[in-house]
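Okay, so here's the structure we're looking at.
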Amino acid sequence: MSTRSEWRDRTCVVFSLFFWGVVAGSAAAKDRMVEPMPGALSAVLNSGSVSGGDRLILEGGRHGAVILSGVRFVDPVTIVAQSGSEVFFDRILLKNTSGLVFSGVTVMPTVGSGETSALIETKRSHDIVFERMEVASARSAKGWSPEDWVLRARTGFRLFGQDITVRNSVIRIVDHGVSSAADGAIIEGNEITYFRGDGIRALGDNSRYVGNLIETCVGVDSNHDDGIQSWSVDAAGKPGRGVVKNVLVAKNVIRNGVLGGELACSLQGIGLFDGMFEDWIIRDNVVIVDHWHGITVMGGNRVRVENNVVVDSRDGSPGPPWITVTSHRDGRISRQSLIAGNVTQPRAGGGDPVFWQPQPGVVSRGNKVVQRAGDAFR
């Protein structure tokens with residue numbers, strides 16, 4: 001049990017962080033230093049002394065877990081690593097929080113933490129930005145068995161709320177890379193590698209998934225790993241009974257990766273399996289996978305699949321991957337949808353047509369079939 005003097009000393013340290021740590025800026029926008037002490041950042045943000053536009057500069061070291069509830073700013077407060085320093089958090093959980101930017105920090109739990117929650121999670125939060133982050137379940141997974149992957153790999157981002165951005169970050173050694181049910185999410189410019197689930201789960205409306213590199217799934221269980229996956233739910237949470245709408249999936253690169261042995265994995269590309277999907281644009285993506293599903297949409301209204309390259313990562317079964325828009329599993333047909341300007345390989349066994357067309361409500365035009373994967377890039 002802490003003595004009264006120990007409690008007083010720690011309180012004075014935290015007090016000094018947000019009253020004596022001002023290093024630059026005006027009264028309207030200040031820079032404040034935050035020492036690497038568990039609870040210090042939360043104390044600063046809850047102190048009432050921070051205003052929109054301020055920057056909280058984190059000194060190098062471990063800052064513990066950040067768990068915030070009801071912290072709201074109109075003008076964003078930026079939380080950034082001090083130049084040249086490496087800043088670690090065990091996890092970040094934001095509830096009913098808005099107006100924060102996390103920049104240049106690492107979220108990686110200590111060994112043996114026993115936690116199973118997502119490394120970064122937002123709930124009922126809005127206007128949050130995560131940029132230039134490194135997010136990983138461990139520094140290295142060298143020597144991990146399949147059981148280690150199941151027990152130790154945690155989801156990178158689990159996002160609920162509105163207007164949440166994850167950009168220019170490295171997400172690795174995870175279960176799912178980014179699982180976003182947020183409305184208005186922007187997931188762009190990220191590198192997602194070594195995941196045992198899905199690279200991205202695109203579950204929220206009005207969202208953008210642009211310019212991400214997604215590669216190297218890890219096969220440790222019966223999950224069908226996808227580069228990008230989506231499905232709808234109804235009000236009761238039943239899959240395939242709702243609508244996911246107004247989503248852009250563009251300029252992503254999805255590759256199978258090179259893991260062999262017991263961790264080998266056959267990655268699916270872009271899988272939209274339980275619609276309906278409404279007003280989606282899937283454009284200018286490169287998908288190189290060892291599976292049949294290259295780009296598959298099952299139940300699309302006004303879905304456009306344009307100018308994508310989808311080819312096999314290796315000869316033989318499974319694959320080559322296809323591109324298609326079909327009816328929903330329950331028979332509801334797609335409407336006003338288009339497959340145009342794409343490049344792919346012949347379907348396995350020489351089946352025709354390659355794009356599983358004609359389908360009700362889908363137009364296919366101007367697509368190209370190449371015999372070898374390399375020909376798609378010439």
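The values are calculated or read from the model by the stated rules, or taken from the named source; none is laboratory data. A quick note: this is a predicted structure, and the numbers were derived from the prediction, not measured. Here the Cβ is made from the backbone with ideal geometry for all residues, glycine too, and neighbour counts use every protein chain on show.
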Within the bounds of the stretch 126-136, is there any residue that is more than 30 Å from Asp183 (Cβ to Cβ) and of a type in the set (Asp, Glu)?
no
Would you confirm whether any residue within the stretch 253-261 is buried (at least 20 other Cβ atoms within 10 Å of the Cβ) and either among the hydrophobic types (A, V, I, L, M, F, W, C) or out of contact with any Asp or Glu (no Cβ under 8 Å at 6 or more places or on another chain) (or both)?
yes
The stretch 283-346: strands (runs of 3 or more DSSP E) wholly inside it with 1 or more residues that are polar (S, T, N, Q) and over 25 Å from the mean Cα position of the chain (by Cα) are 322-326, 337-340
Test of understanding: among Ser137, Ser83, Ser98, which residue is of a type in the set (Ser, Thr, Tyr) and surrounded by fewer than 19 Cβ atoms within 10 Å (Cβ to Cβ)?
Ser83
Please identify the pairs in which a residue from the stretch 28-39 that is under 16 Å from Phe73 (Cβ atoms) and without any contact (Cβ under 8 Å) to a residue 40 or more places away in the chain has its Cβ atom under 8 Å from the Cβ atom of a residue that is in a loop (DSSP other than H, G, I, E, B) and of a type in the set (A, V, I, L, M), counting only partners at least 6 apart or on another chain.
Arg32/Val50
With the condition kept exactly as written, say whether any residue in the stretch 314-326 is under 23 Å from Ile288 (Cβ atoms), charged (D, E, K, R), exposed (fewer than 15 other Cβ atoms within 10 Å of the Cβ) and at pLDDT below 80.
yes
Scanning the stretch 247-282 residue by residue, those in a loop (DSSP other than H, G, I, E, B) and hydrophobic (A, V, I, L, M, F, W, C) turn out to be Val258, Leu259, Ala264, Cys265, Leu267, Met276
Of the numbered conditions (1) on the phi < 0 side of the Ramachandran plot; (2) part of a strand (DSSP E or B); (3) in contact with a Gly (Cβ under 8 Å, 6 or more places away or on another chain), Phe160 satisfies every one except a single condition; which is it?
(3)
So, Gly237, is that one more than 23 Å from Met108 (Cα to Cα) and outside any strand (DSSP E or B) or not?
yes
For Asp148: the one exception among (1) surrounded by 19 or more Cβ atoms within 10 Å (Cβ to Cβ); (2) outside any loop (DSSP other than H, G, I, E, B):
(1)
Some residue of the stretch 93-110 being part of a loop (DSSP other than H, G, I, E, B), modelled with pLDDT under 95, over 17 Å from Gly177 (Cα atoms) and not acidic (Asp, Glu)
yes
Ala185 vs. criteria touching a residue at least 24 places away in the same chain (Cβ under 8 Å), of a type outside the set (D, E, K, R) and surrounded by 22 or more Cβ atoms within 10 Å (Cβ to Cβ):
yes
How many residues, within the stretch 188-203, are of a type in the set (Gly, Ala, Ser) and buried (at least 24 other Cβ atoms within 10 Å of the Cβ)?
2
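Here's the yes/no breakdown for (1) more than 27 Å from Ala65 (Cβ to Cβ); (2) small (Gly, Ala, Ser):
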| residue | (1), (2) |
| --- | --- |
| Phe130 | no, no |
| Val170 | no, no |
| Gly177 | no, yes |
| Gly184 | no, yes |
| Glu191 | no, no |
| Arg201 | no, no |
| Gly227 | yes, yes |
